[in-house]
Amino acid sequence: MSATLEWISLVAIAGVLWLGGGQVANRQITFGELSAFVLFARQIFDPLRQLAEKFTVLQSGFTAIERITAILNEPIEIRDPEHPQTLPGHGRGEVRFEGVWFGYKPDEYVLRDLNFVIQPGQKVAIVGPTGAGKSSIIRLLTRLYEPSRGRILIDGVDIRDLTQMELRRCVGVILQDAFLFSGTVVDNVTLGEEYDLEQVMAAAKSVNVHDFIAGLADGYQTSVRQRGTNLSGGQKQLLALARAAIRQPRILILDEATASLDVSTEYTVQQALEVLLRDRTAITIAHRLSTIRHSDVILVLKKGELVEIGSHEDLVATNGLYASLYALEMMAA
Ligand SMILES: Nc1ncnc2c1ncn2[C@@H]1O[C@H](COP(=O)(O)OP(=O)(O)OP(=O)(O)O)[C@@H](O)[C@H]1O
Ligand SMILES: [Mg+2]
């Protein structure tokens, strides 16, 4: 647009000059005057063009403001209760789902009437085809979403009666892709909470991660780039383990936590996990059934419904969905 404007104006000015020249009798324009004219004309139009460019920048700024306000105006659905309860001090991480229904959209249920109890200290695995609702169970347990119907209890307390802070403290989650922030290794383990360096080191030692951290360029003060781009997937996962270990959660959840690791890193992580899971309720989600066959209880989920429940041996003997998934895996191996 500014180029057209420039042309129109140039022609207009040339016209004015020509008319003006007509009044100055019989005078020819010199080459010097012509080049001066062109140069001055540029000097007029450059700032105008710059103004036009700034206008587009301003415009995209306004669009950004609009989008940010739309997010800020989004109503907060999950709030802390007015009179929060606390978890009983003697509780050791019992999880109970009572008639839980849930859908991301109203009337499109992805979880249907779930009823189960996980005893304190039990190692439980959730398996099922992709899209069955495994991760959704975890999102409900950590209260990222609320059930449409039914309730979830931890050590006998409805999680809606807990503050989100307390819930986060008692439930630790390790996902397939650990999220790291830019900052030091220590920052990424403490997440801004008050732990001193000794505590961070003790947590790292407890899950065999100390040697790895000590081997980094600046040890515990090594800076981690945004999203941990200077660390490998396995290394990020090791930091996530230390992050969980320092908080000593009653319940630890692993959603495909070792799926993207190579065999030797997976072995290190598995060893660390064994330490971390001792005396703790653990819920593991895994596609590879070989990694969860030693679980105390296996919950088999299909299209949001709990179709089988039992130990590996029980389920293989039942000859249902689990047995067929397991047989498939054995065939592929
Ligand atoms: N944020 C979301 N919004 C709408 N629907 C979703 C959302 N997340 C998941 N779903 C739907 O919910 C269903 C269950 O998804 P979920 O992530 O719990 O599956 P999953 O069992 O963990 O699968 P996978 O093994 O692939 O991780 C799927 O049909 C999925 O399309
Ligand atoms: Mg999932």
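Read-outs throughout are calculated quantities, based only on the coordinates presented, and are distinct from any laboratory measurement. Since this is a predicted model, take the numbers as computed values, not measurements. No Cβ is skipped: glycine too gets one built from the backbone with ideal geometry, and neighbour counts run over all protein chains shown.
Brief remarks follow.
- For the chain, the longest piece that avoids every one of the trypsin sites (Lys or Arg not before Pro) found in DSSP loops with at most 10 other C-beta atoms within 10 Å covers 80-277.
- For the stretch 217-333, the Kirkwood hydrodynamic radius from C-alpha pairs, put into Stokes-Einstein at 37 °C and a viscosity of 0.692 mPa s, yields a diffusion coefficient of 202 µm² per second.
- Across the stretch 95-332, C-alpha contacts under 8 Å between residues 6 or more apart give a mean separation that, scaled by the residue count, equals a relative contact order of 27 percent.
- For the stretch 220-263: rounded, prolate or oblate by the Cα gyration tensor [a/c cutoff 1.5]: oblate
- Farthest positive-ward along the stretch 226-333 dipole, Cα basis, beta-carbon charges - from A245, I292, Y322: A245
- Distance from the stretch 293-333 to the stretch 37-85 (C-alpha centre basis), Å: 53
- Distance from the stretch 232-291 to the stretch 190-221 (C-alpha centre basis), Å: 17
- Cα-derived Rg over Rh, computed across the stretch 95-332 with Rh taken as Kirkwood radius: 0.98
- Cross-link reach list, lysines versus K303, counting only Cα pairs under 22 Å and skipping chain neighbours closer than eight places: K105, K134
- Considering helices alone, the calculated mean residue ellipticity of the chain at 222 nm is -14500 deg cm²/dmol, with DSSP H runs of length four and up weighted by -39500 (n - 2.57) and normalised per residue.
- Viscosity 0.692 mPa s, 37 °C: Kirkwood-radius Stokes-Einstein D of the stretch 154-213 over Cα pairs, µm²/s: 239
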